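To keep things clear, I will list the structure first and then write my remarks on it.
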2 protein chains.
Amino acid sequence: MKSKPLILKLGGSVITIKDKPYTPNPQVIRRLAEEISRAKPETLLVIHGGGSFGHPLAHEYNIAKGYREKRQLIGFAKTHQSMVNLNRLVIEALIEQGIAAVSIPTSSLTITNNGRIELLMEKTLVGLLDMGFVPVLYGDAVLDSSLGFTILSGDQITVHLALRFEAEKMIFGVDVDGLYTEDPKLFPSARLLREIDLKGLRDVMKGFSGSRSVDVTGGMWGKVRELIPAIEKGIRVVITNALKPENVYKALIGDEEIGTIIKGS
Amino acid sequence: MKSKPLILKLGGSVITIKDKPYTPNPQVIRRLAEEISRAKPETLLVIHGGGSFGHPLAHEYNIAKGYREKRQLIGFAKTHQSMVNLNRLVIEALIEQGIAAVSIPTSSLTITNNGRIELLMEKTLVGLLDMGFVPVLYGDAVLDSSLGFTILSGDQITVHLALRFEAEKMIFGVDVDGLYTEDPKLFPSARLLREIDLKGLRDVMKGFSGSRSVDVTGGMWGKVRELIPAIEKGIRVVITNALKPENVYKALIGDEEIGTIIKGS
């Protein structure tokens, strides 16, 4: 690869309307495509979540828990195709902005084992990056060697690829301002963490272990747990609110005063 | 795999309107999905061509001849995405008929070398077939280790997969009635070949060698040349007019009086 890639993960709750099934957020998708185009990173890989395109069908057919009965097959097919439809909007917005974005369905390349990536065939992905394309992957229904199939999150793919390609940085565009010490929706005393390292993260996470809720900070600490292997390898993380204009642009050009920075150890 | 797969290739000029850029033929797509659903083959792989979705962009950006300048990158991206859009119509029609069809973009799995398949990563494909899904691939813009990129035809993919998976049969749904001795549009004396074997094919092809036109039979003999390695391995071929109702259904259930049969040697 020409240079270490930047990996940008766009949350499903950023590019879709979370509570309305199969409803995209085209204004946000268009704005983000424009910000990416303006930042023009040399080597970029984009991964997006499913939001309201992925969850309803995956839930209806119980895809995450694996194969139990034949009627789930059509549910798997529908879940994947719904993700193709969301991905199409992202790709078309990127192409519209002059970015040579090429869709790579995660399910074409990946097999998990009990929900964890066991195989990710990366030759075409590397080839596309080398040529100067922007490959776009996404959370998807995938085959699983133990369960038959399951759902693979965009976050897990992001971390896997960041490790494989020794990413310069992972940028998580989410629908909150960053990582808080507590769930800001429940605790007015919650503090936004501006910069934290692995040791700091672990200290904060230890504080949670006695808590009744598995994830007291509005879903973000579950994500952080997924990130740890990459942080341990020294890959920098930026978590920023992609619903606010210019944040993703700034994160891409290296202006990081826009959320939480997790320093690679 | 449960059983040797049937491989069905649907020509681009069947599922799109050939002369109208980016115009599908939704009635035909719907009818073919219904015929496939009714025939219910145990193990089926579908490949389709690009027709008027693939050719205009591939031509505009000169994708087939390989990388020459940076502006082609966006052309590659657009060509591929146009194929995604056509594929979506095929997949949605199949799902509508209760078929668990899963799209696999050829470009995600394949790298060619000077236009010939050098790598086709098949693990997810095999996994999908084993689970009872119907994978759907298509002619596509792909990476090429010599040219940078190129266009890979649905026919070449079909033959490659038929050989790899020891297909029971390849069915080519095209826009003519089968293989003729000469181009029926030019020569009223042209005869439709009902059944032919490899030796017969070679005899007919020898007869063409003195001909001025590269392909005197309306494009079909070029296709046949691509098929020869599979025919040599004993894989049966049916070429039938998929624009005529019931032909694809009959070919799938083994009623082959509907075009040209090429007997595997």
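Here is how the numbers come out for the structure above:
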item	result
Rg/Rg_ref, the stretch A:224-265, where Rg_ref = 2.2 N^0.38 Å and atoms are Cα	1.19
Largest-first principal axis extents, alpha carbons of the stretch B:1-153, Å	47, 34, 17
Cut-off under 5 Å, modelled amide H: who pairs with B:Ala101 long-range	B:Ile95, B:Val134
Accessible-area composition of the stretch A:128-265, carbon plus sulfur, in percent [1.4 Å probe]	50 percent
Gaussian network model of chain A, Cα within-10 Å springs - most flexible of A:Phe187, A:Phe165, A:Phe149	A:Phe187
Portion, in percent, of the accessible area of the stretch B:1-98 that falls on carbon or sulfur, probe 1.4 Å	50 percent
Charge tally in the Cβ shell below 12 Å around B:His55, where Lys, Arg are +1 and Asp, Glu are -1, B:His55 excluded	0
Descending semi-axes in whole angstrom, ellipsoid equivalent of the stretch A:118-265, from the Cα gyration tensor	27, 20, 14
Restricting the stretch B:55-163 to trypsin sites (Lys or Arg not before Pro) in coil, as DSSP defines it, with at most 12 other Cβ within 10 Å	B:Arg68, B:Lys70, B:Arg71
Cα-based shape type of the stretch A:119-166, given that a ≥ b ≥ c are square roots of the gyration tensor eigenvalues and the cut on a/c is 1.5	prolate
For chain B, the Rg and Dmax computed from alpha carbons only, in angstrom	17.7, 50
Volume of the Cα convex hull of the stretch A:132-203, divided per residue and given in Å³	183 Å³
Buried area at the B-A interface (accessible, heavy atoms, 1.4 Å probe, summed, Å²)	3100 Å²
Principal axis dimensions, the stretch A:75-128 - Cα atoms, whole angstrom, descending	38, 30, 13
Orientation-averaged projected area, Cα convex hull of the protein assembly as shown (nm²)	24.9 nm²
Residue mean of other protein chain beta carbons inside 10 Å, A:143-155	1
DSSP-loop GluC sites (Glu not before Pro) across the stretch B:1-103, with at most 13 other Cβ within 10 angstrom	B:Glu42, B:Glu69
Loop-located GluC sites (Glu not before Pro) in the stretch A:153-183 whose Cβ has at most 14 other Cβ within 10 Å (DSSP)	A:Glu166
Distance between modelled label sites at A:Glu226 and A:Arg71, nm, 7 Å Cα→Cβ extension	3.0 nm
Ranking by accessible area, most exposed first, for A:Met1, B:Met131, B:Met220 with a 1.4 Å probe	A:Met1, B:Met131, B:Met220
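The values are calculated or read from the model by the stated rules, or taken from the named source; none is laboratory data. Only a predicted model underlies this, so the values are computations on that prediction, with no experimental measurement involved. When we count neighbours, we look across all protein chains shown, and the Cβ atoms used for this are built from the backbone with ideal geometry, even at glycine. Areas reflect the complete protein model, heavy atoms only, side chains present, ligands, DNA and RNA absent. Shrake-Rupley method; radii C 1.70, N 1.55, O 1.52, S 1.80 Å.
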